[in-house]
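Novice: Got a structure for you, questions after.
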Amino acid sequence: MDAGVRKVLYVYALQNAVKHGNVPNPKAVMGKVLGAHPELRPHAKEIPGVLTEVLDEVAGMPPEAWKARLEELAPELAGETNSGKKDRSKELPPLEEAEDGVVMRFAPNPSGPLHLGHARAAFLNDAYVKRYGGRYVLRIEDTDPRRVDPDAYQMVQEDLKWMGLGITDIVYQSDRMEVYYDLGRKLIEIGGAYVCTCDAEYFRDLKIKQKACPCRSHSIEDNLALWDRMLGGDFAEGQVTVRVKTDLAHPDPAMRDFSIFRIVDTPHHPRIEARVYPLMNFSVVADDHLLGITHVIRGKDHIANTRRQRYIYDYFGWKPPVYRHYGRMGIEGVVLSTSSMREGINAGTYTGWDDVHLGTLRAIGRRGIRPEAVREAVVEIGIGETDISFSWENLYAKNKAVIDHVSDRFFFVPEPVSVRIEGAPEQVAEIPLYPGDAARGVREITFEGAAVLPRAETEGAALVRMKDLFNIRMTGAGQAEYAGDDLAAARAAKAPIIQWLPEGYGIPCRVLTPEGEVFGVCEPQVAGYQGRTVQFERFGFVRVDRADEAGVLCYFTHR
Ligand code: GLU
């Protein structure tokens, strides 16, 4: 096959790599090449051999060099990578009234660490603040003592730090109780709210029938007296609530005279001593208004709250912020409910908030997922109202583009089997830490007659190439013979090119994956990579979590 064909394959491999920000996908490249160059179809059989070499070459280049090389060799294909077009379609839609800057907020409840659902709200709001300029308020919504986990304050801060948000202000709602009490009194004074001492069941019953409860007709003076008694400790939990006067004929019963203050006795709040607490719809309105929040981006599970909150804005004569409610995001494969996570941790089913089975940011971070990848994935999902399911594959592809060039390559042999190789020359393999970037150095691995190979590769495989070493032929259990050095011969025979380690050289290595643990041995240097990701060749990326005398513990990232 001539050099021209090789070049065609090369430029399409580059194009594929640039387009996806990842090592090229052989099937996609092959499809594109045969589509664009039908004259090559008669050679379809010979192409794969050349393609493998070409793909290795492209995969071996530093990813940041792909685009320039493609532009140099095939500018027309560079134009078609539609990275420009893709970026535009991925851009978030503009927000109205944002041109002069925005004030936005991320408002988590400190009930546990943050998870992927929070990351979506956090990164979307962050993206808009970055786009339009302005302030980004972190508001810790801790006015429901039953949903406050004292440890969560610290965890939320750690998670925010990991995400790298551009937070400019931090507000704790528990510091603002007087603000809510004052505004609560004011709403009563202007006739927008009343203190209700009806039994909850009784009220619910009347509400369904669109009827007013007796408290609704209290005079303002009576309401203020009751409000003072409520703050003064005259009522027990459940005996009293403050309700906004809305519309008893509203078609949605949830809109009818909803509560905005209540008494909560237990458990004690970790930051303040209080008995009367505002409910979310009231504290959120008070703060969104007083903190000058201009735009609120939140999930559509808050749409009913937005409607409720509108009544409060109207009573005070305040202008509500601009709202956007995005669709639900189904996330499969991990546990996201804070209460299930907590139960599982207490029961010992999960090792902690960063267990591999959980969807917390600390769990996915421990697996080697980088915040930049999460940011890109959720911003790409955008703020559309359609419900979607979160694509792990997409997150992994983005993460791979982030970690690939910072992850050194090593051999990890899962389920190692010792194999004596007859007739093999002793030699030192020099294997690049990162293919295509000689400056990063090499690993030197000395072969002296026996090796460990992954069990799966020793069963039945006739000819095998030990990567960057030589070819061998399996001759029986734990036995093989040297079969020459020729890489081309191994390729022609479609021999698997496998990772290996000299017998007795590797250190024990355990890889935790959501599906279970994989045991094996890895290169000793891996112990020096704690807290970093590496790529175990032919196995996938892992984050090195711990190293001690017992060996190395890694968390599986993705392939
Ligand atoms: N703290 C609320 C939550 O985490 C957010 C309130 C809001 O976005 O208005 O669901």
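Readers should treat all values here as calculations from the given coordinates under stated rules, not as data from a laboratory. Given the structure is predicted, the values throughout are model-derived calculations rather than measurements. Cβ sites come from the backbone with ideal geometry, for glycine too, and all protein chains shown count toward neighbours.
Novice: For segment 452-559, which GluC sites (Glu not before Pro) pass both filters: DSSP loop (anything but H, G, I, E, B) and at most 10 other C-beta atoms within 10 Å? It would help to have the intermediate numbers written out before the result.
Specialist: Values: sites: E457, E459, E481, E503, E515, E517, E537, E549; in loops: E459, E503, E515, E537, E549.
Within segment 452-559, the qualifying GluC sites (Glu not before Pro) (loop, at most 10 other Cβ atoms within 10 Å) are E459, E515, E549.
Novice: Against the longest principal axis of the chain, how steep is helix 371-381, in degrees 0 to 90 to the nearest 10, with axes from Cα atoms?
Specialist: Orientation of helix 371-381: about 70 degrees from the principal axis.
Novice: Write down the Å³ per residue value for the convex hull defined by the alpha carbon atoms of segment 279-408.
Specialist: Taking the convex hull of the Cα positions in segment 279-408, it is 143 Å³ per residue.
Novice: Something else about it: Rg(Cα) of segment 216-274 divided by 2.2 N^0.38 Å?
Specialist: For segment 216-274, the normalised Cα radius of gyration is 1.34.
Novice: Show me the ranking of peptides 518-526, 359-367, 50-58 by mean Cβ neighbours inside 10 Å, starting with the highest. It would help to have the intermediate numbers written out before the result.
Specialist: Numbers: 518-526: 20.4, 359-367: 23.0, 50-58: 18.9.
The peptides rank, most packed first, as 359-367, 518-526, 50-58.
Novice: Above 20 angstrom, tally the Cα pairs of segment 390-548 and express them as a % of all pairs, no decimals.
Specialist: 52 percent
Novice: Have a look at segment 17-150 and give its Rg and Dmax from the Cα atoms, expressed in angstrom.
Specialist: Both quantities, over Cα of segment 17-150: 23.5, 72 Å.
Novice: Sticking with this one: Taking every DSSP beta bridge that has both residues in the chain, what percent is antiparallel when rounded to the nearest 5?
Specialist: So the antiparallel bridges in the chain amount to around 65 percent.
Novice: Additional query: Could you give me D for segment 76-218, from Stokes-Einstein at 4 °C and 1.567 mPa s, where the hydrodynamic radius is the Kirkwood radius over C-alpha pairs? Units µm² s⁻¹, please. Mind dumping the intermediate values first?
Specialist: Values: Rh = 19.3 Å.
Value of D from the Cα-based Kirkwood radius: 67 µm²/s.
Novice: OK, next. On a straight-distance basis, which lysines could pair with K7 in a cross-link, Cα separation under 21 angstrom, same-chain partners fewer than 8 positions away excluded?
Specialist: Excluding near neighbours in sequence, the set is K19, K27, K32, K45, K67.
Novice: Could you pull the Rg and Dmax for the chain, using just the Cα atoms, both in Å?
Specialist: Just the Cα atoms of the chain yield Rg and Dmax of 30.9, 102 Å.
Novice: Cα centroids of segment 299-337 and segment 1-62: how far apart, whole angstrom?
Specialist: What the calculation gives is 48 Å, centre to centre.
Novice: Note the direction-averaged projected area, equal to a quarter of the hull surface, for the Cα convex hull of segment 485-532, in nm². Before the final figure, lay out the partial values.
Specialist: Values: hull surface 21.9 nm².
Value for segment 485-532: 5.5 nm².
Novice: Oh, and also: Please give, to one decimal in nm, the separation of the simple spin-label points placed at R559 and R342, each 7 Å out from Cα toward the Cβ.
Specialist: Distance between the two pseudo-spin positions: 3.9 nm.
Novice: Report, to the nearest 10°, how far helix 26-36 tilts away from the longest principal axis of the Cα atoms in the chain, using its own Cα long axis and a range of 0 to 90°.
Specialist: Computed tilt is about 80 degrees.
Novice: Hey, could you get me the Stokes-Einstein D for segment 377-480, Kirkwood radius over alpha-carbon pairs, 10 °C and 1.306 mPa s, rounded to whole µm² s⁻¹?
Specialist: Once the numbers are plugged in, D ends up at 93 µm²/s.
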